[in-house]
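The values are calculated or read from the model by the stated rules, or taken from the named source; none is laboratory data. Bear in mind the structure is a predicted one, so any value in this text is a computation, not a measurement. Every residue, glycine among them, receives a Cβ derived from its backbone with ideal geometry; neighbour counts consider all protein chains shown.
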2 protein chains.
Amino acid sequence: MQTPTRDSYKLLGAEELRLTVTNALVKAGATVSDAQVQANQLVDAELRGHASHGIRRVPVLCDRLHAGLIVSGASPDTTWVSESVLDVDGNLGFGPVSAHAAIDELLPRAASTGVALAAIRRSHHIGMLAPYVERMASAGFVSMVMTTSEGLVHPWGGAGALVGTNPIGIGVPSGDTPLILDMSTAAVSMGKILDYKAKGLEIPHGWAVDRNGRPTTDAAAASEGAISPFGGAKGYALGIAVEAIVGLLTRTAFGTEVTGTLDATQPTTKGDLFLVISTDVLRADESAQALARYFEQIRGSGVDSGVVSIPGDRARRTRTERLEAGVPVDGALWATIQAACQD
Amino acid sequence: MQTPTRDSYKLLGAEELRLTVTNALVKAGATVSDAQVQANQLVDAELRGHASHGIRRVPVLCDRLHAGLIVSGASPDTTWVSESVLDVDGNLGFGPVSAHAAIDELLPRAASTGVALAAIRRSHHIGMLAPYVERMASAGFVSMVMTTSEGLVHPWGGAGALVGTNPIGIGVPSGDTPLILDMSTAAVSMGKILDYKAKGLEIPHGWAVDRNGRPTTDAAAASEGAISPFGGAKGYALGIAVEAIVGLLTRTAFGTEVTGTLDATQPTTKGDLFLVISTDVLRADESAQALARYFEQIRGSGVDSGVVSIPGDRARRTRTERLEAGVPVDGALWATIQAACQD
């Protein structure tokens, strides 16, 4: 199943997306229950305006199911190796299935011990981190999620795609408008660089280096080189810290040995770390009210009455709009997914 | 006690620095034990090459002792509010005293429960984060430290110094050369902007905005405005996430209400969060060896045989050099600290 090229866009309802993606995954061998969880995660990314983590991932997921790399129906093995640490073997299942299974156990445990951590290995791509930290924020918990990914980023001062894009997710409860941070530690996605390459455009300074580690604005050279970390040396430091913490604690691969998120041929070797902190045990109620006032002060600080966002605000607005108006979906991609349902 | 202006530099041994700073703090009212812990923390920053967090902080600490804002000899109250969460009231004592007291309790607890968290309030400036995460890494633990600080950074797209420079410290054990990350979420320190202002130099683009939130290269305008976050919108997102998590869980102040780190007149209202994770409960031994090999690969990836560092490498090199050759100390500052000893 090939990823289609870009075509005309159509507006589709979230429920139609969910049903069609679920059907495509089931046709490719997923159980209905697993397919629903995975489809929900992909459509959630579309609703938030992050198509890069949306239904365009369906073809690779189907290919991985066909190749026997994703094993659907295999529940994750979860083991409390100590009072507050959950070790999770995903048994090669879907990422969102393992992730939600881990959260199901983490929340009640964190409510009791105050803080709980899950280390997940042998699980597939968990997609956007926002839905997970939002789920935990809605339940009143502070959370942090970190995950490794294929080596695409160069070390600061170095050559070679040796560091993952290693995203960080953070959720902080604050009424109906929690802080929901979800960001990669790379300056830009490889998808965007490939878009520029396809259009014959130069990329901006600071996005990438060529295969020799030299800064380049040539998208083709960049695609054979490496993406730059966001924010220079500090972003690099953060990205490699995520790689080290996640790889070490989940006992998964590092750097170029991370596979299975973008390809349809290699086993999944990345790891995911979920940290949950109770706000109740620290009796943070009053502080939560002060935080909400602080967020309002920040939102009102815009230059020339411009919009200032707390992380998560923009995705919430986009979701509200798209639940009303529908999700813009690439026509060719949609045709491919629909065809997969009828295979 | 005024912060002195810059003068000639002299090279002094770490032990002489420790003794003299300890004496100055004792003369200002600190107990010997507290003064030693605080002095050690300041000199450690000097050894790592971070004078901004070094002995230049002594005058403000002495002033705060004289003003009764720092209460020395008051041990922190530590309470396990749940199995894995330690609540710490610093009782207005020195920051490093509360921090090490928290770590003393966190390490054995994390060894047992797998993960433990301390929320510290009513404690003074803890200084560089590196010494704490290095201590925990040496003991075999992954750790993360976050702390709030005076509002000096503008929101992304906003005007006003509403967000702290909110540093993050991360330690990941790896033999003799652990990953030790210690970075602020601001593009640059206010101290550096004030240095440029004093010299009549323009600051680079991207460092700061003026009081109306407009980007500026005028150091004087920047000093009345706000520092920019590092790495644009992503660095802002990270900085405000730190502010939210730390403020909420430690029930301390947010934004402009954070005081007591830079001034000598206001109570300390910031918070510190210490998270410790056991590598043993997850049996990460084999993975630790893979991590060490990965770090070596990264260090060897330099363009044109340049040096690529794992976070912490440079500070370790500087410390080794300075333990040999001595620490360069500003002559006027040194005279001020020596004079304080004889008061």
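Data for the structure
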quantity	calculated
Failed item in (1) in a strand (DSSP E or B); (2) touching a Phe, Trp or Tyr at 6+ places or on another chain (Cβ under 9 Å), with B:Pro155 passing the rest	(1)
Index of the failed condition, A:Glu324 passing every other in (1) on the phi < 0 side of the Ramachandran plot; (2) in contact with a Leu (Cβ under 8 Å, 6 or more places away or on another chain)	(2)
Residue list for the stretch B:99-120, restricted to those being part of a helix (DSSP H, G or I) and among the aliphatic types (A, V, I, L, M)	B:Ala99, B:Ala101, B:Ala102, B:Ile103, B:Leu106, B:Leu107, B:Ala110, B:Ala111
Residue check, B:Thr177 closer than 30 Å to A:Gln289 by Cβ and either modelled with pLDDT of 95 or more or more than 11 Å from every other protein chain (Cβ to nearest Cβ) (or both)	no
A:Ser287 being touching a Lys or Arg at 6+ places or on another chain (Cβ under 6 Å), modelled with pLDDT of 95 or more and not assigned by TED's automatic domain parsing to the domain that holds A:Cys62	yes
Selection status of A:Gly326, within 13 Å of chain B (Cβ to nearest Cβ), closer than 22 Å to A:Arg48 by Cα and surrounded by 14 or more Cβ atoms within 10 Å (Cβ to Cβ)	no
Single match in A:Leu323, A:Leu238, A:Leu273 (criterion: over 20 Å from the mean Cα position of the chain (by Cα) and either at pLDDT 95 or above or not assigned by TED's automatic domain parsing to the domain that holds A:Leu129 (or both))	A:Leu323
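Here's the yes/no breakdown for (1) of a type in the set (Val, Ile, Thr); (2) facing chain B (nearest Cβ under 7 Å); (3) surrounded by fewer than 23 Cβ atoms within 10 Å (Cβ to Cβ):
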site: A:Ala118; (1), (2), (3): no, no, no
site: A:His125; (1), (2), (3): no, no, no
site: A:Glu134; (1), (2), (3): no, no, no
site: A:Ser138; (1), (2), (3): no, no, yes
site: A:Val172; (1), (2), (3): yes, yes, no
